[in-house]
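J.: Sharing a structure below in structure tokens format, with a few things to ask.
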Amino acid sequence: MLDAVTPRSVPLRPAVADLPAYVPGARASVGAAAWKLSSNENPYPPLPGVVSAIADAAADANRYPDMYATELTAALADALGVRPESVVTGCGSVAVLGHVLAAVCGAGDEVVIPWRSFEAYPIAVAVAGATAVPVPLTDDARLDLVAMAAAVTDRTRVVVVCTPNNPTGPAVRTAELETLLASVPSDVLVVLDEAYVEFVRDPDAPDGLDVLAAHRNVVLLRTFSKAYGLAGLRVGYAVARRRIAAGIRATSTPFGVSHVAQRAAVVSLGAAGQLLDRVEAIVAERTRIVDRLRTQGWSVPDSQANFVWLGLGDRSGAFAAEAAAAGVLVRPFAGDGVRVSVGEPEATDLLLDVTAEWSAPRSA
Ligand SMILES: Cc1ncc(COP(=O)(O)O)c(C=O)c1O
């Protein structure tokens, strides 16, 4: 009598049931035109040679990709001056972060994260079964590495350092990072999330590869989504000591990077000179935005990434709505601020009109 039994629902893990939703950047609705400055994307389309490589690779879509992305891994190792065994690719660096956490964390473990920072962190930590320990940013929207070091306990397995910090923009400084690394036990993994590393121009910012060379407990996370403009194809990677890299590889989704994505990344890496010229143009546009905002009276943190931060607090949603009405989609973080990606100069002009008109007090 199946009908007589009240069916019980499949329980979700409590950590999963309580997960905060990852909120993607706003898109223009169908048929509407708007500049999309809401997802830290690269405004430039892939180079023609990359588009051709993508088209060619599509012809092999009936085959599984090379599971270990051998060609891409070798090209990255060559470009970075590390051994191929130290590089682990994955379906975007956000997935690689999940694999890193899966490799080292379990129930009851703690992961120290900065906050506000990349919104995937609390989700990834909860999915790994661990507990996120968020450490507030300083008043000038920087990571508070002293407080993060102080938050490390016997249960801490990982400390995540987002540099430059998404969504506020500043990069950490070499000296403060070294102080953190000196105080964190050597069996605690320090993840340097360098998704925006190619946009960094601050001479005080650390060189992640040097940091990795000097510390056995460091992992770098990087991506083809930002500077290399391949966000839609999902390719990221970790660089770590071989033993840790092997652990990350062991937890990775099999065939996590498609053949199309591997080919696009390899060809993009080969065209790094051209692509990094584009990064230079984005950095110049970032400087234009920050300078103009400051001239307009805004207090804007130093940005080392491809976005700028307006610390609008409770007025973030209202500002985003006003920008959308003017044709610019930005990313509000309720109660904290608004992140604006650096995109096309026309979009900058529209945004700067909105910021100039914004009537409420302007201190960020
Ligand atoms: C700090 C940071 N890390 C990682 C990522 C993930 O990038 P992807 O998964 O596209 O490689 C992002 C994307 O916005 C980010 O801002």
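J.: Relative to the Cα centre, what is the charge dipole magnitude of the chain, using +1 at the beta carbon of each Lys and Arg, -1 at the beta carbon of each Asp and Glu, and rounding to the nearest 20 debye?
T.: That gives the chain a dipole magnitude of about 660 debye.
J.: For VAL328, list long-range residues whose amide hydrogen, built 1.01 Å from N in the peptide plane, is under 5 Å from its own amide hydrogen.
T.: Amide H neighbours of VAL328, under 5 Å, 5+ apart: TRP35.
J.: Given H placed 1.01 Å from N in the peptide plane, which residues other than close sequence neighbours of VAL133 have an amide H under 5 Å from its amide H?
T.: Under 5 Å from the amide H of VAL133: VAL111, VAL112, ILE113.
J.: For segment 32-148, I need the span (max minus min coordinate) of the C-alpha atoms along each principal axis, in Å, sorted largest to smallest.
T.: 49, 42, 30
J.: Here is a follow-up. Sort the following peptides by mean Cβ neighbour count (other Cβ atoms within 10 Å, averaged over residues), highest first: 329-338, 208-217, 128-137.
T.: Ranked by mean Cβ neighbours within 10 Å, highest first: 329-338, 128-137, 208-217.
J.: On to the next question. Take ALA271 and SER183, extend 7 Å from each Cα along the Cα→Cβ direction, and tell me the distance between the two endpoints in nm.
T.: Output for this residue pair reads 4.6 nm.
J.: If you plug each phi of segment 52-61 into the Karplus form 6.51 cos²θ - 1.76 cosθ + 1.60 with θ = phi - 60°, what whole-Hz ³J(HN,Hα) values come out, in order, with x for Gly and Pro?
T.: These are the phi-based 3J(HN,Hα) values: 4, 4, 5, 5, 4, 5, 4, 5, 9, 5 Hz.
J.: Let me ask something additional. I need the phi-derived Karplus couplings for segment 8-17: 6.51 cos²θ - 1.76 cosθ + 1.60, θ = phi - 60°, integer Hz, Gly and Pro marked x.
T.: So the J values, rounded to whole Hz, are 9, 7, 5, x, 8, 4, x, 4, 7, 4.
J.: Separate question: Tell me which trypsin sites (Lys or Arg not before Pro) from segment 6-112 have a DSSP coil assignment and no more than 15 other beta carbons within 10 Å of their own.
T.: ARG8, ARG27, ARG63
J.: Translational D (Stokes-Einstein, µm²/s) of the chain at 37 °C and 0.692 mPa s when Rh comes from the Kirkwood sum over C-alpha pairs?
T.: Result for D is 153 µm²/s.
J.: Within a Cβ distance under 11 Å of ARG116, other residues only, what is the Lys/Arg minus Asp/Glu net charge? Provide the component values of the computation, followed by the final result.
T.: On the way: positive: ARG339; negative: GLU119, ASP336.
That works out to -1.
J.: Summing +1 for each Lys or Arg and -1 for each Asp or Glu, what net charge is found among the other residues whose Cβ lies under 15 Å from the Cβ of GLY92? Don't skip to the answer; put the middle values down first.
T.: On the way: positive: ARG222, LYS226, ARG234; negative: GLU41, GLU119, ASP193, GLU194.
Here the count lands on -1.
J.: Could you work out the relative contact order of the chain? I mean the mean sequence separation of Cα pairs under 8 Å and 6+ apart, divided by the number of residues, in percent.
T.: Value for the chain: 23 percent.
J.: Largest first and in whole Å, give the semi-axes of segment 209-364's equivalent ellipsoid, each being the square root of 5 times a Cα gyration tensor eigenvalue.
T.: Listed largest to smallest, the semi-axes of segment 209-364 are 36, 18, 16 Å.
J.: Excluding ALA102 itself, calculate the net charge of residues whose Cβ lies under 15 Å from the Cβ of ALA102, where each Lys or Arg counts +1 and each Asp or Glu counts -1.
T.: Once all neighbours under 15 Å are counted, the net charge is +2.
J.: Using helices alone, what [θ] at 222 nm do you get for the chain, with -39,500 (n - 2.57) per DSSP H run of 4 or more residues, divided over all residues and rounded to the nearest 500?
T.: Mean residue ellipticity, 222 nm, calculated: -11500 deg cm²/dmol.
J.: Which whole-number percent is the relative contact order of segment 130-260 (Cα, under 8 Å, 6+ apart)?
T.: Values: 172 pairs, mean separation 23.3, N = 131.
Over segment 130-260, the number comes to 18 percent.
J.: Only Lys, Arg, Asp and Glu count, each charged at its Cβ (+1, +1, -1, -1), so figure out the dipole size of segment 1-158 about its Cα centre, rounded to 20 debye.
T.: Details: 10 positive and 16 negative charges, 63 e Å.
Using Cβ point charges on Lys, Arg, Asp and Glu, segment 1-158 gives about 300 debye.
J.: With +1 on each Lys and Arg Cβ and -1 on each Asp and Glu Cβ, and nothing else charged, work out how big the dipole of segment 247-316 is about its Cα centre, in Debye to the nearest 20.
T.: Taking the Cα centre of segment 247-316 as origin, the dipole is about 140 debye.
J.: Return the sequence-ordered ³J(HN,Hα) values of segment 275-284 in whole Hz as given by the Karplus equation 6.51 cos²θ - 1.76 cosθ + 1.60 applied to θ = phi - 60°, using x for Gly and Pro.
T.: 5, 6, 5, 5, 4, 4, 5, 5, 5, 5
J.: May I pose another question? Taking the dipole about the Cα centre of the chain, with the C-beta of Lys and Arg at +1 and of Asp and Glu at -1, give me whichever of VAL87, LEU212, ALA59 is farthest to the positive side.
T.: ALA59
Every read-out reported here was derived from the displayed coordinates using simple, explicitly stated rules and does not represent laboratory data. Just so it is clear, the structure is predicted and the values come from calculations on it, not from any experiment. Counting neighbours? That spans all protein chains shown, and the Cβs are built from the backbone with ideal geometry, glycine included.
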